[in-house]
Every structure is written in C-alpha cells, then in structure tokens.
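Some notes on the structure that comes next.
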C-alpha cells in the first residue's frame, strides 16, 4: 500500500533537517562533555544491536511507543494485555527519553521482547529502523506522533493505532494534520473533547473512538493497608502525618519546604521527589536554610552488599534521589503535592498516582498536559488548586488538620478513579478486534 503525503511532508522534512543541523553541535557537546545521550545515538539513528533485533523478522511484530517515563508507566497495562492477546508475536517497546527507558526496563522486562530508543523522525533513520523490525502494528501512546515514521509504516503495509490519545485545539494548519492523520487507522482518545479536537485536525471521524486514559490503569494499585506500616518504616517517616511532594521543580521546592516548616509543630515529615535528580544538592541547601534535617533515599538504603547505611535517625525531609519510588511513596502520604503547576512553560506532572492511593492532592494553576485531569479533580472536589507558592503552606496545613475537608477530598478522589479505570482493557480489546 502506497501512502502519499503531499507538499506538507516536503515542508516538514526541510524544517526537520534544518533543526537537526542546528541542534547537532549541542547534542555532541552534551554527549561528550555531559554524558547525557550516551547509548542513545546509534538507536536514534536506526542502528540496532543484535540483542534488540534478534526476536524480530520472522513473525509479524507489534511495536508500542511511549515518549517519557509517565507514558511508559501508562502503557504498561496495555503492553501486558497485548502480550496476553498475542503470545506468539514479538513486541518491541520504544521510548524517547532515558527516564522513559529506565521506567520501561523496570515494568516491562520479560513482557516486551526488546526495549530501546525510537528513531529520530528523519526518513533514512526510520527506514533503517523499520528494515530491522518489520512491524505489522505500530501503537503510539498519547501524542508522540511522528509523520515520517507513520507514513513509512503505512507504505510497508503496516497498521497504525493511537492509544490513549489526547489533543488540544489545532496548532498547525488543518491540511498538515489531515496529511498526517490519514495514515492512522484507529484513534482511541481519552475524552470526548480529545475526540472532537482530533476530528477538527482532520482525522477521519469513523476512525475516532473514546476509550479512556491509560494513566488511570498504569499508575498501579495502592499497597494493602496491612503493608503500609512496613512501608512507612522503609521510608523512615514514622507514624505521624506525611507530605509527599512529587516531580518538583525549583518553583515548587521552596514553598513545599515552607509548608514543612509551618507544620513542624505537628511533627509532619516530608518526602520530596525532584523531577530532575540534579536538583538534589540544591534541595539539601534549601533544607539547611530552613533548619530542616534531610537525607537522600540512597543514603538510608543499602543497595549493594558492603555499602554502609546512615543511622536511621529521624529527619524532616527524605529526598528521593532514586527512580521509580514516587508512586510507592504516595501510599504513606497524608497529603500530596504534585509539582509543575507553578511553572507555566512546564505544567503539572502525574496527578493520578496519588489519586490511586486515595490521597488528597494539591497542585498549582498551570495545568499543562494534565489540564483535563486537573479540571475534573477541581470540578468534582477531588483536588485543590493552589494559586501560588505563598498559598501552598496554608493549603497543606488545612489538608492535614481539617478532617472533614480531607475526608471529602478522599471520597471524591475514589469516585473519579472508579469512573476511569479499565481503559487498558478496553483499548486492548479494540486493537485485537482491529487486527482480526
């Protein structure tokens, strides 16, 4: 099947090549002097090792792609469902970030046959990658839609599905989106609003369905109540109230620590997980300025034989300098704050992880990609939007000490969660029906 693209592909590829040439010096500098892209370049150019390609080429493959750590976690139940539905087909899982790959390797080891970085959307990189994998089905999660890759898969007779899709109002000309979206066979959107927006962009209406948000399933389940005391002991937070601040940015961290200072008379402890591990040293400095005692998670956990562990003395703030523990830490929270909402150009991170644990959720006003979830939480009384950093300590205090307020938030959270669970199963069923 030939899938033409029209003049928009010429414009897109010209702009993409110019951008790649402009960014190349920066990429090389960061790679060789910072080490950030080490191990990525070959796979991003479509050069795959034998350990990646060995399972592919004999049987039609399934390829699932997610951009970052959040999308990788969200995609986990879908990949597991596809593995159960197609036990004889090899599955490739790809990402675009190192955090996404770390998350995928933890959650999908033994489920996906291979995990690697996706190719850059330059035509020759895509072609080289597809020659090795030869997918029959390509599933992209949320919004990571790459025009050249999608078009080449269609040209080779493959099929393309958007899972857990979300879309805002069109940002490029409708003719551009129509040229791209005509190559997507099935668009499984999160909400009716997303479905309306993707149709406005030019997606064929008959291919658009609403099946829910994978993140409500990918955020896992709370630990049993009987296991919470052991988890509290593991994190060293004792039996008192706990504030868990997840995915924090510089704009979040000062107000979060101020909330801990305000609540110290109530013996409140905090777990803070910065969005970037590089923020740990700065967090320690901010704690010292406020006379808060702190420790890194890696300092309080023996990860290797012979590694000494600091004495398990009480602390005010535990800094998570590890990957993959934030979701678990919400199980010990009395109240949660999700970062990013005080930074307009970034926006909120994952609001669903604390929701799953039945924890009252606080967040800033700049909602970003989480705008739909944040809006629903506010409208249904399941979350509290805080106007700015100065207002956060008071909001935390109320969530900790106003029992009727906290109970109402928890009940509303449970209702929202019950409404949205099951998206992974629905989407797996639709994909199986589509392939059949």
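The values are calculated or read from the model by the stated rules, or taken from the named source; none is laboratory data. Model, not experiment: these values are computed from the prediction. Here the Cβ positions follow ideal geometry from the backbone for every residue, glycine too, while neighbour counts run over all protein chains shown.
Results for (1) in contact with a helix residue (DSSP H, G or I) (Cβ under 8 Å, 6 or more places away or on another chain); (2) within 17 Å of residue 325 (Cα to Cα), shown as yes or no for each residue.
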{"site": "202", "(1), (2)": "yes, no"}
{"site": "218", "(1), (2)": "yes, yes"}
{"site": "240", "(1), (2)": "yes, no"}
{"site": "260", "(1), (2)": "no, no"}
Scan the strands (runs of 3 or more DSSP E) fully inside the stretch 314-369 and keep the ones with 1 or more residues being under 15 Å from the mean Cα position of the chain (by Cα) and at pLDDT 95 or above.
335-338
Quickly run through the stretch 54-86 and pick out the residues that are closer than 19 Å to residue 133 by Cβ and out of contact with any helix residue (DSSP H, G or I) (no Cβ under 7 Å at 6 or more places or on another chain).
54, 55, 57, 58, 59, 60, 65, 83, 86
Assess whether residue 202 counts as being at positive phi and free of Cβ contacts under 8 Å to residues at least 60 places away in the same chain.
yes
Residue identified as touching a helix residue (DSSP H, G or I) at 6+ places or on another chain (Cβ under 8 Å), outside the structural domain of residue 192 (by TED's automatic domain parsing) and in contact (Cβ under 8 Å) with a residue 60 or more places away in the chain among 335, 361
335
Reported set for the stretch 254-283 where residues are part of a helix (DSSP H, G or I), surrounded by fewer than 21 Cβ atoms within 10 Å (Cβ to Cβ) and in contact (Cβ under 8 Å) with a residue 12 or more places away in the chain is 254, 258, 261, 262, 264, 266, 277, 279, 280, 282
Being surrounded by fewer than 18 Cβ atoms within 10 Å (Cβ to Cβ) and farther than 23 Å from residue 428 by Cβ, is that true of even one residue in the stretch 206-216?
no
Take the stretch 212-242 and flag every residue that is more than 24 Å from residue 423 (Cβ to Cβ), assigned to a loop (DSSP other than H, G, I, E, B) and either touching a strand residue (DSSP E or B) at 6+ places or on another chain (Cβ under 8 Å) or at pLDDT 90 or above (or both).
236, 237, 238, 240, 241
